[in-house]
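This report concerns only the one structure given below.
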Amino acid sequence: MLKKLLQGHLLFPLILVAGIGGSFQYGFNVSSINANSAYIKLFIAETWAERFGTKLEDTTVKLIWSLVVSIYPIGGLLGTLNAGHLAVKYGRKKVLLFNNLVDILAATIMLLSRMARSFEMIMVGRFLYGINAGIGLNVQSMYLGESSPIKLRGVVSLTRAMFVAFGKVTGQTIGLREVLGTEHRWHFLLAFSGLPALIQLISLPWFPDSPRYLLIDRQDKVLCLDALQRLWGKGDFSEEIADMEAEQAVIKGEGARTAREMFRDRSIRWQLITNVMVTVAMQLCGINAIYFYASEVFQEAGIPSYSIPYVVLGAGGTLLFTSLTCVSTWKQPGGLWRSNNNKITCIAPVTLGVLPKALDHQCFGPKLGVGIREAGVTAIIPFEIFTQSCRPVAYAINGTFHWLGLFVMGMVFPFIVEGLGPFCFLIFLGDCLVIAVYVFIILPETKGKSILEITAEFQKLNQRRAGPVTLLDGVKFKQNNPEIFIIATKL
């Protein structure tokens with residue numbers, strides 16, 4: 001698989017550059033905030049006492065800390081809501097470039113927060129980090145998906161999950177007390193995200209914009225062909241160009257769709273439902289809540305405080321390992337269905353309460369199941385089941401539910417752990433069961449199919465009937481059976 005990636009002159013480097021300034025940032029900021037939670041809580045209490053001369057109650061400190069954690073997804077939601085519009089107006093590459101400036105500003109604020117004795121600056125920095133992640137996650141997914149060949153599309157898109165896991169492990173590693181996890185260096189940890197942003201800001205200008213954006217949105221075939229040659233190497237791209245032109249003909253004259261138009265369009269009803277279901281399921285599986293509040297979870301399990309950072313790092317390493325393996329196993333069909341089976345198998349022993357006080361070992365199970373596939377699949381779903389005109393808004397909808405779920409989970413999870421202890425995983429088990437059944441029944445296989453072929457599969461659900469549909473504007477494309485032609489209605 002690596003050999004295939006390296007056949008393109010710039011595709012493999014693009015994956016690295018887009019990932020380090022995109023989903024890596026999200027993973028890092030999800031995990032790094034937990035590393036110094038005790039020091040930041042102490043900083044909040046001390047700052048309050050210096051200003052007002054009164055001591056904060058523990059409950060109030062916990063509430064402020066929850067706001068510090070949960071303001072990140074609020075920024076992410078704001079970034080997500082604007083990502084689609086910006087990606088269409090300015091292009092995938094330019095949006096990612098300027099998005100780094102937001103991250104660098106946030107890193108500067110974080111760096112100065114301790115000196116300024118202001119926990120509010122931490123909140124502002126977290127909010128800006130969220131905006132950066134909300135834009136970066138969506139645009140990175142579009143950029144990579146639109147820049148990769150059909151045969152490698154799933155594998156390339158799954159690298160988003162790899163960089164999320166890599167970011168989480170990096171945050172946990174440099175958050176150790178031997179590195180930046182101390183009372184006097186925690187602000188450097190919070191500001192670390194500025195470095196990956198600077199790397200992407202310097203390196204990304206050397207890459208072309210996505211070929212699909214150049215041809216379908218900008219209608220520039222010359223630049224599209226140039227981008228294909230720079231990304232994939234010299235060759236005959238007539239088939240790829242024809243596929244893009246077929247999609248362009250289907251959506252001819254539409255322009256980018258709005259969320260209102262998409263929700264009112266019954267012809268894409270099941271695509272929207274699937275997009276929302278998979279995204280919500282990803283949040284309710286509890287993986288990010290565990291990262292936000294790993295210290296609280298492991299303390300509840302009876303793990304000594306001095307051991308918690310290393311236990312968290314081990315769990316993060318498990319997720320990174322399984323994220324790497326999912327790239328090689330994505331060749332098999334039924335990826336999302338298998339993902340939920342993996343998670344159910346891994347989470348079930350935890351929810352049954354088997355040795356609940358040994359949660360330090362059991363938490364590796366949910367991370368293993370999540371890492372194997374679903375964390376990456378949520379990034380691929382909007383690209384694979386929507387056409388170009390719907391895709392930006394589909395990513396915005398995907399991101400909206402992602403960040404709302406992250407915010408809600410970030411706010412309520414400490415109280416769930418306090419009330420249910422290790423048995424909080426009962427919620428996550430139910431989520432995995434529901435989405436596994438849904439995916440098995442509804443989601444068609446997408447591996448190796450063009451966007452129009454996948455769209456036609458959903459038409460059978462949306463129209464409540466099988467059989468052929470009339471091709472729009474005479475545009476035809478073949479299914480697995482070369483004698484059968486499928487038609488995509490105008491979305």
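Quick notes
- Scanning the stretch 222-242 for residues that are surrounded by fewer than 19 Cβ atoms within 10 Å (Cβ to Cβ) and at pLDDT below 90 yields GLY233, LYS234, GLY235, ASP236, PHE237, SER238, GLU239, ILE241, ALA242.
Each row is one residue, and each column tells you yes or no for (1) over 26 Å from VAL312 (Cβ atoms); (2) outside any helix (DSSP H, G or I).
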site	(1), (2)
HIS9	yes, yes
ALA45	no, no
LYS62	no, no
GLY79	yes, no
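- Residue check for GLY167: under 17 Å from the mean Cα position of the chain (by Cα), surrounded by 20 or more Cβ atoms within 10 Å (Cβ to Cβ) and modelled with pLDDT of 90 or more: yes
- Single condition GLU50 does not satisfy, out of (1) in contact (Cβ under 8 Å) with a residue 60 or more places away in the chain; (2) open to solvent by less than 40 Å² (accessible area, probe 1.4 Å): (2)
- Just one of the listed residues (LEU101, LEU111, LEU152, LEU105) is open to solvent by less than 30 Å² (accessible area, probe 1.4 Å), in a helix (DSSP H, G or I) and either in contact with a His (Cβ under 7 Å, 6 or more places away or on another chain) or closer than 23 Å to SER203 by Cβ (or both), namely LEU152.
- Inside the stretch 207-245, residues that are among the hydrophobic types (A, V, I, L, M, F, W, C) and without any contact (Cβ under 8 Å) to a residue 12 or more places away in the chain make up a count of 2.
- Among the residues of the stretch 38-75, those that are closer than 17 Å to PHE127 by Cα and polar (S, T, N, Q) comprise SER66, SER70.
- Scoring LEU223 on the criteria (1) under 30 Å from VAL102 (Cα atoms); (2) part of a loop (DSSP other than H, G, I, E, B) leaves a single failure, condition (2).
- Tabulated pairs, the stretch 10-21, first farther than 14 Å from ILE199 by Cα, second open to solvent by 10 Å² or more (accessible area, probe 1.4 Å) and part of a loop (DSSP other than H, G, I, E, B), C-beta under 6 angstrom, 6+ apart or interchain: LEU10/PHE207
- LEU56 being closer than 20 Å to PHE415 by Cα, in a helix (DSSP H, G or I) and modelled with pLDDT under 90: no
- Test: residue in the stretch 177-200 that is open to solvent by less than 10 Å² (accessible area, probe 1.4 Å), in a loop (DSSP other than H, G, I, E, B) and touching an Asp or Glu at 6+ places or on another chain (Cβ under 7 Å): yes
- Matching residues, the stretch 114-131, being open to solvent by less than 10 Å² (accessible area, probe 1.4 Å) and either closer than 19 Å to THR159 by Cβ or aliphatic (A, V, I, L, M) (or both): ILE122
The values are calculated or read from the model by the stated rules, or taken from the named source; none is laboratory data. Predicted model only: the values in this text are computed from it and were never measured. All Cβ positions, even for glycine, are placed from backbone atoms using ideal geometry, and neighbour counts span all protein chains on display. Keep in mind that these areas ignore ligands, DNA and RNA; they rest on the heavy atoms of the full protein, side chains included. Shrake-Rupley method; radii C 1.70, N 1.55, O 1.52, S 1.80 Å.
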